[in-house]
Amino acid sequence: MTVKPGEYVYLDLSKRYFPLPGEVSSAGLGEPILTPEKVHLPVHCGDVDQGGKPAVAWDFNLLSLDGYSPETGWIRIDTSKLASIHIASFEKRRSVQRKASKSKKARRVLAKYSKRERNRAGKHQLEIARVVQSVCGSVGLEELEKQAMYTRSRIWNRRISRSDWRSITRILVGRLGEARVEELDPYGSSSYCSRCGWFNRDLNGADVFVCGGCGLRLDRQLNAAINLYMRMRFGYIVKWEGGKKSIVLRMEGASRVAWWDRVVLPSLVGGCVLTRGGGAEGDQ
Ligand SMILES: [Zn+2]
């Protein structure tokens, strides 16, 4: 706690008699208020009723939608059928596209294909949103506009189409309410190690995330979903240094690795392998 510039008072909360929200995080602790007799420490207690359902963060991809929360573990929704609708329609449209500029009939056929694609995709979008809603009290989603800024076409090809993404987000906002849909900065969500924060500069589209810092090996999309979950749970700060962006979690000095091992690891039944000793942590 800052008393005056450069001078601090440290409060040891480990001997407290009152409960803190699940984890120490900025989202749970408010700004302390000083009076001559007392220090008031606002603590955020619980959220609006979510029907006992957890908050789950989701990583959108072309072939799957990957969700994570410690309560549910890894949830993978297969979106390959949705992708194949777009791919099939793209092929069909391409075959008549060249004629469309000259022929009225070809233009009608093209419009028919587009409408059919939208209808079919719409059904899948609804179904995906229904499944997401059935497991979540609230959701964390990648912020679409921000994603566009940092994503190049090659990477974008791996991802679910923007219109699907936008539609699913819209359906979820409609059903859960705006307060329960949190849009998260997706920067580097696949590149950071969710356990120790190491940044993997050459991911090269590998399916398994391998950490050069702590040795974690984890499905790439699961790692991304865990990163998004942690951004939703702890909050984060966007930093710019020397023209480079980075995302820093607001864990307020709590050990990230210790939190991960205590909360995330037990929830990953069979989905995670830790290899090679990471210093004091060792192989677990
Ligand atoms: Zn790591």
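Read the figures in this text as sums done on the coordinates, not as results from a lab. Predicted, not measured: the structure shown is a model, and the values here were computed from it. Quick reminder, even Gly has a Cβ in these numbers, built from the backbone with ideal geometry, and neighbours come from all protein chains shown.
Straight-line cross-link reach from LYS53 at under 15 Å between alpha-carbon atoms covers these aspartates and glutamates, not counting any fewer than eight positions away in the same chain: GLU71. Listed from fewest to most Cβ neighbours within 10 Å, the set ARG94, ARG180 follows the order ARG94, ARG180.
For PHE209, nonlocal amide neighbours, meaning residues 5 or more places apart or on other chains whose placed amide H falls under 5 Å from its own, are LEU218, ASP219, ARG220. Straight Cα distances below 30 angstrom link LYS115 to the lysines LYS81, LYS92, LYS99, LYS102, LYS104, LYS105, LYS123, LYS146, with same-chain residues fewer than 8 positions distant left out. Listed by chain and number, the lysines whose C-alpha is less than 28 Å from the C-alpha of LYS15, apart from same-chain residues fewer than 8 away, are LYS4, LYS38.
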